Structures are given as structure tokens and as C-alpha cells.
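For reference, the structure discussed in these notes is given below.
The values are calculated or read from the model by the stated rules, or taken from the named source; none is laboratory data. Everything numeric in this text was worked out from a predicted model, so none of it was measured. All Cβ positions, even for glycine, are placed from backbone atoms using ideal geometry, and neighbour counts span all protein chains on display.
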Amino acid sequence: MESLNRFAAEKLASLSARALRRELATTDRAALAHVSRDGRHLISFSCNDYLNLSTQLDVVMAAMEATNAHGVGAGGSRAVTGNHPLYTTLESRLAALKHTEACVVFGSGYLANSGIIPALMGERDVIFVDSLSHACMWAGAKLSSATIIIFDHNNMSSLGNLMAQHRHKYWNAMILTETVFSMDGDRAPLPELTKLAKTYDAWTMTDDAHGFGVLPATEAAREIPLQMGTLSKAVGGYGGYLCATADVVALVRNRARSFVYTTGLPPASVAAAIAALDFMTENPEYCALPLAKARRFTAALRLPEAQSPIVPVIIGSAAAAMAASELLAEQGFLVSAIRPPTVQGGTARLRFTFCAAHEDRDIDRLADFVRRNLLVAA
Ligand SMILES: *Cc1c(COP(=O)(O)O)cnc(C)c1O
């Protein structure tokens, strides 16, 4: 026991010395983009609740009604007794939105990625992964025991060269990327990627965690055979999904360990997602607001035009990013510093996310403060 505590204390001291220790701040985010933290009232530019659906009345009511009707828990794995009736509705809605035959919903996006990849790939296979892919894609790739080959971020000649060199040595091949990169806000070049995938017979999986609901679905996205995403960002609640053909979905339901060996989502989460999808479908103009707000911010700062609701401002060292975040908090803005290992060393950053509920005047005041105090220092 003593050696365990010593181990933990030494690791923590090392993280603290490099400004990499993370502390959980209690954050009460009851009202739209407003939060309170440590007795401070802040406007959050750090939430992924892009459409503010986590507190939207119809969504909340749907969750409450489902709890009344079905209870707070699923009572078991979906493979046993946890497959309550709301799942079928949610899965067919998602499949229709993504123009695929079928869909399977998981407990979370992390569980989806860590289950789907090993369900499809094994020792004799190869996975080409964009260098900036999310931690849970790496987790799934590692669990699969396939060979992992990293290509330069969004660089199709890097991917093409690596596939030309290595594809033939393996049985099946997969390409992993994100539609919108979570810490950079840029988008993958899906048409070029799809062309390469066809040339080398590779299965592409896109993670649409930050695109779903806030960016219009493109033609190129529809051609992706494995469309994964989460219900915990723009959809406002919790859960992950894969949209694919009926056979692929059936296979994943049989083989993904993070599907079979875990309890189904609470009925409230499933019902909330259905209500959120209803709202999104009925309000396309509202869904365009987060991107428009991000573009208002990048225009004010003369940064490259935002491609998504996520705008990074690279600061450099972890300590400087933490200091910048604190400076913004003193002005009433919650903007989290993102540090290694989430991003590469030396690229610690402020990650601004924009949501439908942000007021233009708050965005302008934020941009003004960033321009005068942070861009010069960066
Ligand atoms: C947030 C995120 C996930 C994880 O989704 P959860 O539902 O929060 O587990 C997966 N991939 C990407 C790119 C994400 O940003």
C-alpha cells in the first residue's frame, strides 16, 4: 500500500511540475451557455453542447417521461434484457439521417470506437490512422491487434504513399479519421480520402462527433461505409452510434465487446436523443448558428475562417495556456486550456467552442479581449 501511494504521489508531482496536472472543477451549467464555477459566474466557450439541447425543455421532458415509463436503468446488456423499446426508434432515426440501412447505439462514443474497430479488424489487418485522431480511436485500434500505421494529419499524399507501401502486406485495411477534428476544428478531405480507400480497398470509418447536427451532411460523407458519432455533443445527451449496412451493424452487435458486455443506456438518454433529433430536423436554421457564431469570432480576430464550431488559439506551453485561461475567467469567460497529452507538446491551446445560445455581443467582447491580450503574446 505504501509503495502504491508513493507511486501515485510521485506521478502527480511530475504532472504538477510540468503544468499538466488536471483538477476537476465543479461546474454547474444549468442555463444555456452560462455556468458557475468556484463561485464565479462565467459564459462558457468550452461546452460541446453546441445546440444547447442538454437543457432544452422538450428534450428534458422526453427524458422525464421515459424515466416514468421505463425506470432509471436498462436493467442489463442490450444483448440480454436491456434493449428497451425506445432503442428501435432511435436507431432507425439515426440510420435515416445518415442515409444508411442500419444503426447500432452504444453507451458512449468512447465505447463505440473501442468496440467497433476490434469487432472488424484483427491481427492480419492494417489500420491507417490520422495522427490527430481521438483517443478512443487509438484505444479501439490497439485493442484490435491490427498493425497501426499513422498518416500525417489530413495529408492525402502521406496516406496514399503509406497505402502504396504497406497495404498489400495485409488482409483487410481500415482508415480512421474524424469529420471535424476535436481540438483543431478543421475537417477531413473526405472526397480524396474516399478515392484512396477505393483504390486500395480500405474501409473508412469517420468519427462525426463534432459535425453531427451542426454541419450539413455532405455527399462525400454518405459514401463512407462506417459512420460513427456520438449523442453527447450537439445531440446534448449521452450515447454513441455506428451507421452502416444491415450486415455490418448485425456483426458489430454480435462482436463488439463494449456493446455486448455493458448495460444498455438508461431509457432517459435514448428518449432525450430522439427528442433532440426531432428538434434538429425541424430547425435547420437554428442548427447553423454555432458555425455562424464561430465565424463571427474568427472574422473579428482575422483568423482563418472557422470550418466548424471549434476554434483553437495555439498558445504554446501548458503553463501559458493555463494562465491565458485564467485571464479569460477573470473577464467572465470559461475557455478551457487544452494541454498534452490531448494535444502535442508545445501546442497547448485555448479551445473555443461556439453554441447557438451565444450572444453576439459576448462573442465580440471575447474577441476584443483575445485580440488585445492573447494574440500578441501567442
Ligand atoms: C467526444 C468525442 C468522442 C467520445 O464521445 P463520448 O460520447 O463523449 O464518449 C469520440 N470521438 C471524438 C472525436 C470526440 O470528440
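Mind telling me which of the residues Gly39, Gly82 ends up being on the phi > 0 side of the Ramachandran plot and either of a type in the set (Gly, Ala, Ser) or in contact with a His (Cβ under 9 Å, 6 or more places away or on another chain) (or both)? It would help to see each step written out before you state the result.
Details: Gly82 fails: on the phi > 0 side of the Ramachandran plot.
It is Gly39.
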Need the failing condition index for Ile224 against (1) part of a loop (DSSP other than H, G, I, E, B); (2) closer than 24 Å to Ala119 by Cα; (3) within 13 Å of the ligand (Cβ to nearest atom), just the number. (3)
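For every residue, the table says whether it meets (1) in a helix (DSSP H, G or I); (2) in contact with a Gly (Cβ under 9 Å, 6 or more places away or on another chain); (3) touching a residue at least 40 places away in the same chain (Cβ under 8 Å).
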{"site": "Ala234", "(1), (2), (3)": "no, yes, yes"}
{"site": "Asp247", "(1), (2), (3)": "yes, no, no"}
{"site": "Ala272", "(1), (2), (3)": "yes, yes, yes"}
{"site": "Asp278", "(1), (2), (3)": "yes, no, yes"}
{"site": "Glu285", "(1), (2), (3)": "yes, no, no"}
{"site": "Ala294", "(1), (2), (3)": "yes, yes, yes"}
Flag if Thr206 is within 11 Å of the ligand (Cβ to nearest atom), within 23 Å of the chain's Cα centre (by Cα) and of a type in the set (Val, Ile, Thr): yes
Among the residues of region 101-123, are any under 11 Å from Cys243 (Cα atoms) and either away from the ligand (no atom under 16 Å from the Cβ) or not assigned by TED's automatic domain parsing to the domain that holds Leu226 (or both)? yes
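Only one of Ala25, Ala9, Ala66, Ala62 is assigned to a helix (DSSP H, G or I), small (Gly, Ala, Ser) and not assigned by TED's automatic domain parsing to the domain that holds Tyr87; which?
Details: Ala25 fails: assigned to a helix (DSSP H, G or I); Ala66 fails: not assigned by TED's automatic domain parsing to the domain that holds Tyr87; Ala62 fails: not assigned by TED's automatic domain parsing to the domain that holds Tyr87.
Only one candidate qualifies: Ala9.
Using the structure shown, decide if Gly75 is more than 30 Å from Pro284 (Cα to Cα), modelled with pLDDT under 95 and not in a strand (DSSP E or B).
Working: more than 30 Å from Pro284 (Cα to Cα): yes; modelled with pLDDT under 95: yes; not in a strand (DSSP E or B): yes.
In short, yes.
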Every residue in region 137-192 that is within 16 Å of the ligand (Cβ to nearest atom), assigned to a helix (DSSP H, G or I) and not small (Gly, Ala, Ser), please. Met137, Trp138, Lys142, Leu143, Leu190
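Condition check ((1) at pLDDT below 95; (2) surrounded by fewer than 17 Cβ atoms within 10 Å (Cβ to Cβ); (3) basic (Lys, Arg)) across all residues:
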{"residue": "Ile127", "(1), (2), (3)": "no, no, no"}
{"residue": "Ala188", "(1), (2), (3)": "no, no, no"}
{"residue": "Lys195", "(1), (2), (3)": "no, yes, yes"}
{"residue": "Met205", "(1), (2), (3)": "no, no, no"}
{"residue": "Pro216", "(1), (2), (3)": "yes, yes, no"}
{"residue": "Glu219", "(1), (2), (3)": "yes, yes, no"}
Which listed residue, of Ser44, Ser114, Ser92, Ser54, is at pLDDT 95 or above, surrounded by 20 or more Cβ atoms within 10 Å (Cβ to Cβ) and out of contact with any helix residue (DSSP H, G or I) (no Cβ under 9 Å at 6 or more places or on another chain): Ser44
Scanning region 241-269 for residues that are under 27 Å from Thr204 (Cα atoms) and of a type in the set (Val, Ile, Thr) gives Thr245, Val248, Val249, Val252, Val260, Thr262
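Under the condition of being touching a His at 6+ places or on another chain (Cβ under 8 Å) and not in a loop (DSSP other than H, G, I, E, B), which residue from region 124-136 is nearest to the ligand (Cβ to nearest atom)? Lay out the reasoning, then the answer.
Our first condition is that a residue be touching a His at 6+ places or on another chain (Cβ under 8 Å); within region 124-136, this holds for 126, 130-132.
Then keep just the ones that are not in a loop (DSSP other than H, G, I, E, B); that gives 126, 130.
Values: Val126: 21, Asp130: 11 Å.
That would be Asp130.
Specify the residue that is farthest from Cys243 (Cα to Cα); the eligible residues are those in region 78-90 that are more than 16 Å from the ligand (Cβ to nearest atom) and part of a helix (DSSP H, G or I). Even if it seems obvious, please write down each step before you answer.
Let us first name the residues in region 78-90 that are more than 16 Å from the ligand (Cβ to nearest atom), namely 78-89.
Now restrict to residues that are part of a helix (DSSP H, G or I): 86-89.
Values: Leu86: 17, Tyr87: 14, Thr88: 13, Thr89: 14 Å.
If we take residues in region 78-90 being more than 16 Å from the ligand (Cβ to nearest atom) and part of a helix (DSSP H, G or I), then Leu86 is farthest from Cys243 (Cα to Cα).
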Residues being without any contact (Cβ under 8 Å) to a residue 40 or more places away in the chain and of a type in the set (Lys, Arg) - total across region 23-54: 1
Is there any pair with a first residue in region 361-378 that is modelled with pLDDT of 90 or more and a second that is of a type in the set (D, E, K, R) whose Cβ atoms are under 9 Å apart and which are 6 or more apart or on different chains, and what are they? Ile363/Lys293; Ile363/Arg296; Asp364/Arg296; Ala367/Arg296; Arg371/Arg302
